[in-house]
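The values are calculated or read from the model by the stated rules, or taken from the named source; none is laboratory data. Model, not experiment: these values are computed from the prediction. Note that we place each Cβ from the backbone using ideal geometry, even for glycine, and neighbour counts take in every protein chain shown. These accessible areas exclude ligands, DNA and RNA; they are computed on the full protein's heavy atoms, side chains included. Shrake-Rupley method; radii C 1.70, N 1.55, O 1.52, S 1.80 Å.
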Amino acid sequence: PVLPVPEHLCQPSPSLVLQAVFNLLIPDHSADAFSPPRLGSPGPWDALVERLLGGLGRWDAEHFLFIAERGYLFEHNCAFLPLLPLSLRALARLWPPQLQPRSRLLLSAALLNALLSALAAAALYGLGRAVLRRRGEAFLAALLFSLSPAGVFMAAAYSESMFAFLAFSAMWQLEKGHSWLGGLLFSLASGARANGLINAGFFLYSRGKRFALQLQVGSASVRQLPLMWKQVLSLASSAVLMCAGIFLPFALFQYYAYVRFCSPGTGLDQTIPEPLLQLAQDKGYRVAGMDGAKPPWCSQRFPVVYSYIQDTYWNVGFLRYFELRQIPNFLLALPVTVLGSWAAWTYVSTNPRHCLTLGLERSKSEEKGKPRDGFCGPAAFMYVVHATALLAFGFSCMHVQVLTRFLGSSSPILYWFPAHLLQEHEPLLWSTGTDNPASGKPLLSKSPRSCGKGTPHNLVVRLLLNWRLITPLSKSILGFFLCYWLLGLVLHCNFFPWT
């Protein structure tokens, strides 16, 4: 059946409008960030584009826009994988050539990410219906995604929207049994963000679980051993091929960086403008194709530029961020840390045996054909493990303030668990026939405007309009989503530090 389109997909994202308003009203902060000089003489249309969409080009977005325009000119640009810059460069050709390259790229980023964030919400909705088996809870999670605490990064020239769309779509296809299509989408995701490599675990787990359940159903007779070995070899070969495909884009990019920066004179295909050479000299940037000492990572047995840049340029490593002066950043990451930890504890405490057996043992409810649905159902196990692993890695090895957007673009748990809490504990959502087992008189009327027949009303908006009536837990959840969404637009778009 065709999935109904969520209501928020029918309306333009307010993020683009609000970032333009905040960018016009609030002076930009003078931040110590990558800011290449603007070359060429901007015209009146370029000035208009910069005024309206300039807020989308702050912080790391400068890297993506610069790479899309100039390629991987500086070594530290290689921390940003190529799928988004290549897409922006292709779309920029559709705009009038009278515009400066940066203007064309900003327009491309605004439209592309608006589309991808809407498609990511639709993919999250489909994935939620397949895993949670609760249409209302899945829809509420998709609505929360539209108000994501990482919302500014979904709109700006970052790879978050692209990665969320590819990752959620791949997970959905895997749930539907379309393994190779899911593997292709996972492979594309690893060309957008490096943490896409961990998604290989979804494919490995699904194959391993299928084989374990087959063993439990069948009998272990001697005659069946050859057949079992054939299944093992088939699973192993398909797993190796799929994982190789997922790792391939990342590996190819490391090879490209090696050729560009470790072989002087072979990686340069353009003349470098003098202002960019001066910037490299002033900041100490290593320029592609220049003669001189090779970077240290070129001499490694397996030269990986990505980990070298994270270590050298941004001091990313195990517990390196645990300093007193980073306490404000830990406080900034506290809400998503608490939410992710709470989700893991809730799932484990509800399903201790299922977690101890890694979900490989067929439960009684599954044997009867009626597995438990919702967030605490067995189907959500791998997603909880994935979110917990990302949370633990990000908290201990990364700049902790990026946890919000790291999880917000990678894990559906950040939206499923709040939707679960709202459905379970908010009386205003309880009504006869809903996903919640409680019954009572519906207190929220349906929205008079909807995208199409059968589309549920926007429960998030209704809860916000009934702010005084909702529970403290609902206020905390919605307050976190709304405040981080709004503060991100205010601060990030004006070069103030944010997540």
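List every residue pair whose Cβ atoms lie under 9 Å apart, where the two residues are 6 or more positions apart in sequence or sit on different chains, the first residue falls within the range 234-247 and is modelled with pLDDT under 85, and the second residue, located anywhere, is charged (D, E, K, R) and open to solvent by less than 50 Å² (accessible area, probe 1.4 Å).
235/207; 236/207; 238/207; 239/207
Any residue in the range 303-316 that is closer than 15 Å to residue 195 by Cβ and in a loop (DSSP other than H, G, I, E, B) sitting within a Cβ distance under 8 Å of a residue that is aromatic (Phe, Trp, Tyr) and open to solvent by less than 70 Å² (accessible area, probe 1.4 Å)? List the pairs, counting only those 6 or more apart or interchain.
Close Cβ pairs satisfying both conditions: 304/297.
Which condition does residue 66 not pass, out of (1) modelled with pLDDT of 85 or more; (2) more than 23 Å from residue 283 (Cβ to Cβ), if it passes all the others?
Of everything listed in (1) modelled with pLDDT of 85 or more; (2) more than 23 Å from residue 283 (Cβ to Cβ), residue 66 misses just condition (2).
Scan the range 293-308 and tell me whether some residue there is at pLDDT 90 or above, over 24 Å from the mean Cα position of the chain (by Cα) and within 25 Å of residue 488 (Cβ to Cβ).
Within the range 293-308, none of the residues are at pLDDT 90 or above, over 24 Å from the mean Cα position of the chain (by Cα) and within 25 Å of residue 488 (Cβ to Cβ).
On the given criteria, is residue 200 open to solvent by less than 10 Å² (accessible area, probe 1.4 Å) and at pLDDT 95 or above?
Here the answer is no, as residue 200 does not meet what is asked.
Give 309, 246 a once-over and let me know the one that is in contact with a His (Cβ under 8 Å, 6 or more places away or on another chain) and open to solvent by less than 30 Å² (accessible area, probe 1.4 Å).
Exactly one of 309, 246 is in contact with a His (Cβ under 8 Å, 6 or more places away or on another chain) and open to solvent by less than 30 Å² (accessible area, probe 1.4 Å), namely 309.
All but one of (1) part of a helix (DSSP H, G or I); (2) hydroxyl-bearing (Ser, Thr, Tyr); (3) surrounded by 13 or more Cβ atoms within 10 Å (Cβ to Cβ) hold for residue 285; state the number of the condition that does not hold.
Among (1) part of a helix (DSSP H, G or I); (2) hydroxyl-bearing (Ser, Thr, Tyr); (3) surrounded by 13 or more Cβ atoms within 10 Å (Cβ to Cβ), residue 285 violates only (1).
Would you please list the contacts, defined by Cβ atoms under 6 Å and residues six or more apart or on different chains, that run from a residue in the range 164-184 that is open to solvent by less than 10 Å² (accessible area, probe 1.4 Å) to a residue that is outside any helix (DSSP H, G or I)?
164/409
Is it fair to say residue 65 is open to solvent by less than 60 Å² (accessible area, probe 1.4 Å), touching a helix residue (DSSP H, G or I) at 6+ places or on another chain (Cβ under 6 Å), under 30 Å from residue 196 (Cβ atoms) and without any contact (Cβ under 8 Å) to a residue 24 or more places away in the chain?
In short, no.
Would you confirm whether any residue within the range 441-449 is at pLDDT below 95, surrounded by 16 or more Cβ atoms within 10 Å (Cβ to Cβ) and not small (Gly, Ala, Ser)?
Looking only at the range 441-449, we keep the residues that are at pLDDT below 95, and these are 441-449.
Okay, now just the ones that are also surrounded by 16 or more Cβ atoms within 10 Å (Cβ to Cβ), so 444.
Next, only the ones that are not small (Gly, Ala, Ser) stay: 444.
Checked against the condition, which is being at pLDDT below 95, surrounded by 16 or more Cβ atoms within 10 Å (Cβ to Cβ) and not small (Gly, Ala, Ser), the range 441-449 yields at least one hit.
Report whether or not residue 137 is over 18 Å from the mean Cα position of the chain (by Cα), more than 27 Å from residue 244 (Cα to Cα) and modelled with pLDDT under 95.
Values: over 18 Å from the mean Cα position of the chain (by Cα): yes; more than 27 Å from residue 244 (Cα to Cα): yes; modelled with pLDDT under 95: yes.
Spelling it out, residue 137 is indeed over 18 Å from the mean Cα position of the chain (by Cα), more than 27 Å from residue 244 (Cα to Cα) and modelled with pLDDT under 95.
Quick one: which residue in 87, 117, 15, 103 is of a type in the set (S, T, N, Q), open to solvent by less than 20 Å² (accessible area, probe 1.4 Å) and within 22 Å of the chain's Cα centre (by Cα)?
After ruling out the rest, the residue left standing is 15.
Which numbered condition in (1) open to solvent by less than 40 Å² (accessible area, probe 1.4 Å); (2) part of a helix (DSSP H, G or I) is the only one that residue 157 fails?
For residue 157, the exception is condition (2).
Okay, residues lined up against (1) surrounded by fewer than 21 Cβ atoms within 10 Å (Cβ to Cβ); (2) among the acidic types (Asp, Glu); (3) more than 23 Å from residue 162 (Cβ to Cβ):
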site: 382; (1), (2), (3): yes, no, no
site: 386; (1), (2), (3): no, no, no
site: 389; (1), (2), (3): yes, no, no
site: 395; (1), (2), (3): yes, no, yes
site: 403; (1), (2), (3): no, no, no
site: 415; (1), (2), (3): no, no, no
site: 418; (1), (2), (3): no, no, yes
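When the range 334-382 is examined, which residues are found to be within 19 Å of residue 478 (Cα to Cα) and modelled with pLDDT under 95?
Taking the range 334-382 first, the residues within 19 Å of residue 478 (Cα to Cα) are 334-343, 375.
Selection gives 375 alone.
With respect to residue 108, determine if the residue is hydroxyl-bearing (Ser, Thr, Tyr) and surrounded by fewer than 20 Cβ atoms within 10 Å (Cβ to Cβ).
Details: hydroxyl-bearing (Ser, Thr, Tyr): yes; surrounded by fewer than 20 Cβ atoms within 10 Å (Cβ to Cβ): no.
It is false that residue 108 is hydroxyl-bearing (Ser, Thr, Tyr) and surrounded by fewer than 20 Cβ atoms within 10 Å (Cβ to Cβ).
Restricted to the range 457-477, and to residues that are part of a helix (DSSP H, G or I) and among the β-branched types (Val, Ile, Thr), which residue is surrounded by the fewest Cβ atoms within 10 Å (Cβ to Cβ)?
Only one residue tops the list, namely 461.
Suppose we filter 28, 32, 60, 46 for residues that are closer than 18 Å to residue 402 by Cβ, over 25 Å from the mean Cα position of the chain (by Cα) and either of a type outside the set (Val, Ile, Thr) or open to solvent by 20 Å² or more (accessible area, probe 1.4 Å) (or both); which single one remains?
Going through 28, 32, 60, 46 in turn, just one is closer than 18 Å to residue 402 by Cβ, over 25 Å from the mean Cα position of the chain (by Cα) and either of a type outside the set (Val, Ile, Thr) or open to solvent by 20 Å² or more (accessible area, probe 1.4 Å) (or both): 32.
With the structure loaded, tell me whether residue 250 is in a loop (DSSP other than H, G, I, E, B) and modelled with pLDDT of 90 or more or whether it fails that test.
So residue 250 fails the test.
Can you say whether residue 425 is at pLDDT 50 or above, within 12 Å of residue 136 (Cβ to Cβ) and not polar (S, T, N, Q), as far as the supplied structure shows?
no
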